[in-house]
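Working notes, structure below.
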Amino acid sequence: MHISKLQMVNYRNFAAATVKFEKGVNTIIGENGSGKTNLFRAIRLLLDENLLRMAYRLDERDFHRGIAEWRGHWIIISLEFTDVSQDETIQSLFLHATGNIAAATVDRATYNLIFRPKAAVRQKLGELAVGDHAGLAALRAEVSLSDYETIFTGKSSADFCDPDVYRSLVGDFDTVTFPEELTPPEIGGVVPGMFSIAREVGFTFVQALRDVVAEFQNNRTNPLLTLLKGKSGEIDPAAFAPISDLVSNLNDAIEGLDDVGAIRADIRETITDAAGETYSPKSLSIRSDLSDEADRLFQSLKLFVGESEAGYEGAIHELSLGGANLIYLTLKLLEFKYQKVKQTFANFLVVEEPEAHIHTHIQKTLFDRLNYDDTQIIYSTHSTHISEVSNVENINILGRNGGVCEVFQPAAGLDPGQIGNIQRYLDAVRSNLLFAKSVLLVEGDAEEILVPILIRQVFGLSLDELGTSLINIRSTGFENVAVLFHDMRIRKNCAIITDLDQAFIDLTPDPLDSDAEIKAKSRALGSQTSGAARSARLNAFCHDNAWLSAHFAQHTFEVDFILAGNNAAVASILNDVYVDAGTIAQAKADLESGDIARYGTRVLTMAKQVGKGWFAIILGKAITPDVHLPNYLLSALFSAHRPISVETMASILEYRLKVQVASGLVLQSQVDVMRDTIARFRDREIDFAAVRAEMLAAFPGDRINSIIAML
């Protein structure tokens, strides 16, 4: 039996989310604050018997913050199981409790936690007249948490995440329309406490570790103590008797030491002198608290580990963070193994961010080896190394859209061939796109190296700060990865950046052409033809897909960089490319000629001379805040990173002010006035059009003006 689906409605940062799971190992990835911990807690509320019973009593903080008024709404957490065991005991459990009965046996079942108003409140809601907003407001004002109840149900047939279904079950607060049925059959039957699924399955939760030493020092969370307690009950009393006798004799021997007796007598005498006989303790002794009972004796045991130095074993607090985390994780896995042995039909292992402080190779090895038979494993992770080796069909991506968490399944609706292509592409570098808010796909090293530098120099913000991942496809096969961005899969913006490779030399055949010229024209014509076909293919691929866009350099990145007005920057690195003075002089003349045939040929020759990647690295040193960004790059960035927030735009403008100050060509009074204008914009006192106009008027020569004019 395994979890096939989790639905969460109105729970914390999930308004209405469906998470799909497969057999075996599943991976949950997402940015900070996207809801990974809340998702795990939702599962634990249904399956983790170790959660305190009070955890089932939810409160107003558990309601989704997007609900203006929580009173009257329901929180629903629903698990769907598939491949339910045919074991007679389990079939009996699901037939009487949670099964969707379609035949004599059940292979699919549901189990739900519902936090809802009690029957009296639901009845009053149902009695309201349609449209009676005043009556609804008055009723809700009287509702408190004491008017809510937590129930567990099974055999539900409702799609709780469907807004229409939710309104039919709970009510429509906008129109004040509520059902008269107090317990609609679609939510399933109430599961009696005797049928708790949590007691019938093996469930182990390994939380994300922040302070391992504290976990070991806490008797409630110490994983070693949990294991030892479990084993202490299995010890044969006859086998433990000699140890018990040794401990008793040891304690008696310590207590019988003369110095110990003398100190005891002195304490007794001193306290009697100070407080008098009436108020003194009736008895007082000094003895070891080492217990001769197996359970308590095991509590005194501590784990010592030799991490690196041969012959020395240190306590947990002496280990590195990675070493301590690895030991903690190992003990939790052993706890799971012990528990798994005792279970008969379903085992779940939930691991939160196992990569914390753990070396890259261990992360991948750990993920590869944690694949137990008859066990469903669910990870959450920030690690691109774990996401690299995860099966893309078993990945759920969590993303934030304002205050709402959305869930994406990247392989939804794809055929096996497409899934295979994605799996091959998503190495540790490219899998970074799964974590990003938006994505830029580029075809080569020059763009991978220079685009981040250009963005940083012009805007004062890195792509990371913008939440944008730049992924080098290293080919023009963008569709293999871009297919991920779709309404059915990842609903995030992705911009494709590539070249049209239009020829910048005259392709007309000339009888006087040399062999070299003939080959050059033939190569240019071939590239141009391929570029046109690529443009048609990608534009068709992106058509009617709101998440995808394609952006083309007219020629190639290097040529279009000069075409945008950056010939001086390229000329400044000639000494890093050539040695011969005559060649440098000729190259400089070519770059400054204004003739695209000359400067285009020259810049590509320079790139070929040292290699495109190395040329980009050299050129990166010459990029300044006054660089001209080619329009196709700007278009791609603004298509991916949209909408641009007020805070982001204000940060960009403040950076451009610093650029102006650094130039030494502006008056401080101008800067101060503009800084105040940006502050007003940040505080929403003026709009973007106003701050844009002020920037243009105050600093007409700043490069940012032509850029923000596009917005």
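The values are calculated or read from the model by the stated rules, or taken from the named source; none is laboratory data. These numbers were taken from a predicted model, which means no experiment stands behind them. For neighbour counting, all protein chains shown are included, and Cβ atoms are generated from backbone atoms with ideal geometry for every residue, glycine included.
A few points about this structure:
- Which listed residue is within 22 Å of Phe615 (Cα to Cα), surrounded by 13 or more Cβ atoms within 10 Å (Cβ to Cβ) and touching a residue at least 60 places away in the same chain (Cβ under 8 Å), from Leu450, Leu466: Leu450
- Enumeration of residues in segment 507-554 that are in contact with an Asp or Glu (Cβ under 6 Å, 6 or more places away or on another chain) and either farther than 30 Å from Leu637 by Cβ or small (Gly, Ala, Ser) (or both): Ser527, Gly531, Ala553
- Test: residue in segment 505-526 that is of a type in the set (S, T, N, Q), more than 29 Å from the chain's Cα centre (by Cα) and exposed (fewer than 12 other Cβ atoms within 10 Å of the Cβ): yes
- Every residue from segment 682-711 that is acidic (Asp, Glu) and either surrounded by fewer than 13 Cβ atoms within 10 Å (Cβ to Cβ) or touching a residue at least 40 places away in the same chain (Cβ under 8 Å) (or both): Asp683, Glu685, Asp687, Asp702
- Residue list for segment 469-478, filter: surrounded by 17 or more Cβ atoms within 10 Å (Cβ to Cβ), more than 18 Å from His641 (Cβ to Cβ) and not aliphatic (A, V, I, L, M): Asn472, Thr476, Phe478
- Qualifying residue in segment 582-600 (condition: surrounded by 19 or more Cβ atoms within 10 Å (Cβ to Cβ), at pLDDT 95 or above and touching an Asp or Glu at 6+ places or on another chain (Cβ under 9 Å)): yes
- Filter result for the condition that a residue is closer than 30 Å to Tyr328 by Cβ and either assigned by TED's automatic domain parsing to the domain that holds Leu6 or not in a helix (DSSP H, G or I) (or both), over Ala137, Ala208: Ala208
- Only one of the numbered conditions (1) on the phi < 0 side of the Ramachandran plot; (2) surrounded by 21 or more Cβ atoms within 10 Å (Cβ to Cβ) is violated by Thr18, and that is (2).
- Note on segment 691-711: among residues that are outside any helix (DSSP H, G or I) and aliphatic (A, V, I, L, M), the one that is modelled with the highest pLDDT is Ala709.
- Cross-chain or 6+ apart pairs with Cβ under 6 Å, segment 531-542 first and assigned by TED's automatic domain parsing to the domain that holds Asn480, then among the polar types (S, T, N, Q) and surrounded by 15 or more Cβ atoms within 10 Å (Cβ to Cβ): Arg534/Thr476; Cys542/Ser549
- Leading residue by the ranking (surrounded by the most Cβ atoms within 10 Å (Cβ to Cβ)) among those in segment 479-504 that are outside any loop (DSSP other than H, G, I, E, B) and in contact with an Asp or Glu (Cβ under 8 Å, 6 or more places away or on another chain): Ile497
- Test: residue in segment 337-354 that is crowded, with 19+ Cβ neighbours inside 10 Å, assigned to a helix (DSSP H, G or I) and either at pLDDT 70 or above or among the aromatic types (Phe, Trp, Tyr) (or both): no
- So Leu441, is it closer than 29 Å to Ile707 by Cβ, within 19 Å of the chain's Cα centre (by Cα) and crowded, with 20+ Cβ neighbours inside 10 Å: no
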